[in-house]
1. So which residues in the range 65-84 are touching a residue at least 60 places away in the same chain (Cβ under 8 Å), farther than 20 Å from GLU219 by Cα and in contact with a helix residue (DSSP H, G or I) (Cβ under 7 Å, 6 or more places away or on another chain)?
2. Could you check PHE286 against (1) assigned to a loop (DSSP other than H, G, I, E, B); (2) modelled with pLDDT of 95 or more; (3) under 20 Å from GLU186 (Cα atoms) and say which number it fails?
3. Take the range 126-152 and flag every residue that is at pLDDT 95 or above, surrounded by fewer than 21 Cβ atoms within 10 Å (Cβ to Cβ) and in a loop (DSSP other than H, G, I, E, B).
4. Output the residue which, of all residues in the range 49-71 that are in a loop (DSSP other than H, G, I, E, B) and open to solvent by 30 Å² or more (accessible area, probe 1.4 Å), is nearest to GLY154 (Cα to Cα).
5. Among the residues of the range 206-221, which ones are under 29 Å from ILE118 (Cα atoms), open to solvent by 40 Å² or more (accessible area, probe 1.4 Å) and touching a Leu at 6+ places or on another chain (Cβ under 9 Å)?
6. Taking the condition out of contact with any helix residue (DSSP H, G or I) (no Cβ under 9 Å at 6 or more places or on another chain) and either farther than 30 Å from LYS45 by Cβ or surrounded by fewer than 21 Cβ atoms within 10 Å (Cβ to Cβ) (or both), does SER87 pass?
7. Show the residue pairs that are 6+ apart or on different chains and have beta-carbon atoms under 8 Å apart, the first residue being within the range 271-282 and of a type in the set (Val, Ile, Thr) and part of a loop (DSSP other than H, G, I, E, B), the second being open to solvent by less than 20 Å² (accessible area, probe 1.4 Å) and at pLDDT 95 or above.
8. In this structure, does GLU24 turn out to be surrounded by fewer than 16 Cβ atoms within 10 Å (Cβ to Cβ) and not aromatic (Phe, Trp, Tyr)?
Amino acid sequence: MKCKFCSREAYIKLHYPKMYLCEEHFKEYFERKVQRTIEKYKLLKKDEKILVAVSGGKDSAVTAYVLNKLGYNIECLHINLGIGEYSKKSEEYAKKQCELIGAPLHIVRIKEILGYGIGEVKTRRPTCSYCGLTKRYIMNKFAYDNGFDAIATGHNLDDEASFLLNNLLYWNTEYIAKGGPLLPAEGKFVKKVKPLYELTEREVVAYALAVGLEYIVEECPYARGATTLDMKAVLNELEEKRPGTKYNFVRGYVKKKKLFESEIRRKELKECKICGMPSSGDICAFCRFWGLKEEIKFKVKVR
């Protein structure tokens, strides 16, 4: 098949909107869609200092690549989770990606600062639960300590659709109320944005290959059997039968999100007595879980 806009051979067939595109026109389409998403949801400004959380995977690498190409002021952060060979590979890919992009890369290795890697802590708490707590805290504190205006993550349309479906099935309305492409800044919480919000995982993979981004393909060992993978499988089946299902599901949610906002439980936040970050109690969940006695400072020296 030929590209819709020229006579070159098609690189990809888009299912929604339905069209064939060559490699060059697909890259243009992808980049234009990211910029439109940023503008539509008022995610970022060109004069903001943006921290992109890069895992070594495709989504975060593509986020960093596109934002850099579109002229945004980015730096990258990789959190090495200390999960044996998987984390070693992930860090190597993050380094290669940032070298290709030409973006500064900061690396935080949790085993070095906390003494244990993910999966090595003796706790009844699920591994993914305290891993998420740890990543969110480090991303936010690193961004706050170093004066970043926003944190950009690689969440794509498939991620958001599976998140919504899972939380709707269990009526986790407070989580649903807090979703979306933008989480505004609040106190010491830095603004969080999702520039790939309206792009599918398939499109992200195709773009990564088109621009030469290498990425880790293995799933995290602790992600096996995760509910989100089941949700993605269900949504992929629906998408195959009815193209546009994911997009319309997520867009519909954005329009109706206000229906769930009354479910948000407003908590009076204090400052953690150990690290000074926002907390509902005297000690924040991160410091409490890791048993910290003093603040971890992530301030990077300006070269």
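1. Hits for the range 65-84 are TYR65, VAL66, ILE74.
2. If we test PHE286 against (1) assigned to a loop (DSSP other than H, G, I, E, B); (2) modelled with pLDDT of 95 or more; (3) under 20 Å from GLU186 (Cα atoms), just (1) comes out false.
3. ASN146, GLY147, ASP149, listed by residue number.
4. Step one: list which residues in the range 49-71 are in a loop (DSSP other than H, G, I, E, B), which gives 54-57, 70-71.
Next, only the ones that are open to solvent by 30 Å² or more (accessible area, probe 1.4 Å) stay: 55, 70-71.
Values: SER55: 9, LEU70: 16, GLY71: 18 Å.
By that ranking, first place goes to SER55.
5. Pass one, the range 206-221, residues under 29 Å from ILE118 (Cα atoms): 208, 213-221.
Within this subset, residues satisfying the condition of being open to solvent by 40 Å² or more (accessible area, probe 1.4 Å) are 214-215, 217-219, 221.
GLU214, GLU219 - these are the residues of the range 206-221 that are under 29 Å from ILE118 (Cα atoms), open to solvent by 40 Å² or more (accessible area, probe 1.4 Å) and touching a Leu at 6+ places or on another chain (Cβ under 9 Å).
6. Values: out of contact with any helix residue (DSSP H, G or I) (no Cβ under 9 Å at 6 or more places or on another chain): no; either farther than 30 Å from LYS45 by Cβ or surrounded by fewer than 21 Cβ atoms within 10 Å (Cβ to Cβ) (or both): yes.
When the stated conditions are applied, SER87 does not pass them.
7. ILE274/CYS284; ILE274/CYS287
8. On the way: surrounded by fewer than 16 Cβ atoms within 10 Å (Cβ to Cβ): yes; not aromatic (Phe, Trp, Tyr): yes.
Against the criterion (surrounded by fewer than 16 Cβ atoms within 10 Å (Cβ to Cβ) and not aromatic (Phe, Trp, Tyr)), GLU24 qualifies.
The values are calculated or read from the model by the stated rules, or taken from the named source; none is laboratory data. Keep in mind the model is a prediction, meaning the values are calculated, not measured. Neighbour counts are summed over all protein chains in view; Cβ atoms, including those assigned to glycine, are modelled from backbone coordinates with ideal geometry. Note: accessible area is taken over every heavy atom of the protein model, side chains too, but ligands, DNA and RNA are not part of it. Shrake-Rupley method; radii C 1.70, N 1.55, O 1.52, S 1.80 Å.
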